[in-house]
């Protein structure tokens, strides 16, 4: 089950076209889990959100690893502070209550690394090279291009939530999946792989 260690409580400014993002179903899936994040305090940048509305993401393209993903599932934070995972192993998920890609702050997109059937959408995430471009098309037909700053692997029991989810002055992106070894006893990977990218 893909559940991210989450999420700082970010309070974005109101959007001009308010919409209630659908709550992700924390579906039980057979196979490796995705990121598990612990709740952490973080400060979100809210000014840019109000200053210039940005449309939601409609996909994800990472040429360096041959990845093209369609519209993300909108994910929400559960009462225990974890971020749900996409029900479909071949689909990405986006934290809909957080910054949108292109707004100030870290937009968060997650995905499974694999399943019992084989590689999943973020199978090659750990192979993204520093300097690679990540393109996030949006529902308004525009796109935001990010450049990979670094790729890090963290033990799930020491996930740096404030570092990953904390507010930033510029537009940034986090891609997160599972990594490390697979613990068959608990049916979960030991680590999380996090790609840090920003608009330059």
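Sorted from fewest to most neighbouring beta carbons within 10 Å, what does the list 157, 127 look like?
On the way: 157 10, 127 13.
Final ranking by Cβ density, sparse to dense: 157, 127.
Please give the contour-minus-distance gain from residue 68 to residue 130: 0.36 nm per residue of separation, less the Cα-Cα distance, rounded to one decimal in nm. Write down the numbers at each step before the final one.
Values: separation 62, 0.36 × 62 = 22.32 nm, distance 1.85 nm.
Result for the pair: 20.5 nm of gain on full extension.
Calculate the spin-label point distance for residue 187 paired with residue 150, positioning each point 7 Å from the Cα along the beta-carbon direction, and give it in nanometres.
3.5 nm
So how much slack lies between residue 157 and residue 200, counting 0.36 nm per residue of separation and subtracting their Cα-Cα distance, in nm? It would help to have the intermediate numbers written out before the result.
Values: separation 43, 0.36 × 43 = 15.48 nm, distance 3.18 nm.
Residue separation times 0.36 nm, minus the Cα-Cα distance, leaves 12.3 nm.
Separation between the residue 169 and residue 139 pseudo-spin-labels, each 7 Å from Cα along Cα→Cβ, expressed in nm?
3.1 nm
What is the gain in length, in nm to one decimal, between residue 55 and residue 78 on full extension, counting 0.36 nm per residue of separation less the C-alpha to C-alpha distance? The partial results should precede the final answer.
Details: separation 23, 0.36 × 23 = 8.28 nm, distance 2.40 nm.
This chain segment gains 5.9 nm when fully extended.
Please state the relative contact order of region 53-198 as a whole percent: Cα pairs under 8 Å, 6+ residues apart? Let's see the in-between values first.
Values: 355 pairs, mean separation 34.3, N = 146.
Over region 53-198, the number comes to 23 percent.
When 123, 95 are ordered from fewest to most other Cβ atoms inside 10 Å of their Cβ, what list results? Spell out each step's value before the answer.
Numbers: 123 18, 95 28.
Listing 123, 95 from fewest to most nearby Cβ atoms yields 123, 95.
Order by neighbour count: 156, 142, fewest other Cβ atoms within 10 Å first, most last. Please report the intermediate quantities before stating the final value.
On the way: 156 21, 142 12.
By the 10 Å Cβ count, ascending: 142, 156.
Bear in mind these aren't lab numbers, they're just calculated from the coordinates by the rules spelled out. Quick caveat, the model's predicted, so the values are computed rather than measured. Glycine gets a Cβ as well: all are built from the backbone with ideal geometry, and neighbour counts include every protein chain shown.
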